[in-house]
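Handing you this structure, nothing more for now.
The values are calculated or read from the model by the stated rules, or taken from the named source; none is laboratory data. Nothing here was measured: the structure is a model prediction, and the numbers come from that model. Methodologically, a virtual Cβ is constructed for each residue, glycine included, from the backbone with ideal geometry; neighbour enumeration extends over all protein chains shown.
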Amino acid sequence: MKPIAPNREKAVLVIDDDEGECYLVEDILGEEGFNVDIAVGGEMGIRLLTESEYPVVITDLRMPDIDGMAVIDFIHKRRLNSLIVVITGYATIDSVIDALRAGAYDYIIKPFSADLLRFTVRRAFDYITIRDEQDRLKYFDKVAQLAITTAHEVFQPLTVLMGEASAIAKSPEGDAAVKEMAGSILTEARKIRDIIRKMENLNEYVTKAFPGGHIILDIEKGSSGSD
């Protein structure tokens, strides 16, 4: 699943065949600072989901064109990174359980209070924050493990190379140009060795953020380092 774009972080899509219900939800959540788009019916909702990203999707379960279960199925088959809150005026246990099993995050029964709606959506966004942080840590853990494995594989042949270059550079015999080249190789190899040591001792995640949402590991600060 791809992460939500920064400019869509507080976006909510409301899908309901009742236009008045859509505007009611939009008014309530708009007061909380959320960017709300409305879709009157499931068909329009799916169309908007193909065009934009929504961290939270609120959908009615019973709609005449495309129902809420189909919306849930669409989101999961497309691997969209959205949390789904279902709203139903048909408070049957079976419909709610089916929606949760299909991948819905939470549900609200009509008629609902403004406070309940606000609480549910805020909780959904809190969950997204925690989920994304866990995903980030898992990603950096994989990167760190790869760095350690790569360092181990490279260190041994690099050590051999440094030994050979050192022997040539210090040899009392041989061409001066060759010795100079060996000295340069040794200098560069030592720089690579220092980086590898930092990679091997990477013990916590220190990151740098760059424009465009790019994040890299800072091995200077994220490793104990050694010489």
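Based on what the data block shows, is residue 132 within 21 Å of residue 78 (Cβ to Cβ), at pLDDT below 85 and outside any strand (DSSP E or B)? So that I can check it myself, show each step before the final result.
Details: within 21 Å of residue 78 (Cβ to Cβ): yes; at pLDDT below 85: yes; outside any strand (DSSP E or B): yes.
Yes: the conditions hold for residue 132.
What pairs come out if I take residues in the range 23-44 that are over 21 Å from residue 69 (Cα atoms) and in contact (Cβ under 8 Å) with a residue 60 or more places away in the chain and pair them with residues that are of a type outside the set (D, E, K, R) and surrounded by fewer than 16 Cβ atoms within 10 Å (Cβ to Cβ) whose C-beta lies under 8 Å away, six or more apart or interchain?
As it stands, the answer is 28/114, since those pairs meet every condition given.
Got a sec? Which of 49, 24, 13 is touching a Ser or Thr at 6+ places or on another chain (Cβ under 9 Å), within 21 Å of residue 114 (Cα to Cα) and not acidic (Asp, Glu)? Steps first, please.
Working: 49 fails: within 21 Å of residue 114 (Cα to Cα); 24 fails: touching a Ser or Thr at 6+ places or on another chain (Cβ under 9 Å).
Within the list 49, 24, 13, the selection yields 13.
Any idea which residue in the range 141-173 is modelled with the highest pLDDT, counting only those that are of a type in the set (Gly, Ala, Ser) and surrounded by 13 or more Cβ atoms within 10 Å (Cβ to Cβ)?
Here is the first cut: in the range 141-173, the ones of a type in the set (Gly, Ala, Ser) are 144, 147, 151, 163, 165-167, 169, 171.
Applying the additional criterion that residues be surrounded by 13 or more Cβ atoms within 10 Å (Cβ to Cβ) yields 144, 147, 151, 165-166, 169.
Details: 144: 63, 147: 61, 151: 63, 165: 82, 166: 85, 169: 82.
Among those residues, the one meeting the criterion is 166.
Right, another one. Those residues that are in a helix (DSSP H, G or I), free of Cβ contacts under 8 Å to residues at least 12 places away in the same chain and not β-branched (Val, Ile, Thr), I need them from the range 168-195; list them, please.
Filtering the range 168-195 down to residues in a helix (DSSP H, G or I) leaves 168-170, 176-195.
Cutting the leftovers down to free of Cβ contacts under 8 Å to residues at least 12 places away in the same chain gives us 170, 176-181, 184, 187-188, 191.
The answer is 170, 176, 177, 179, 180, 181, 184, 188, 191.
Each row is one residue, and each column tells you yes or no for (1) over 22 Å from residue 19 (Cβ atoms); (2) not hydrophobic (A, V, I, L, M, F, W, C).
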| position | (1), (2) |
| --- | --- |
| 62 | no, yes |
| 67 | no, yes |
| 84 | no, no |
| 89 | no, yes |
| 98 | yes, yes |
| 102 | yes, no |
| 110 | no, yes |
| 114 | no, no |
| 128 | yes, no |
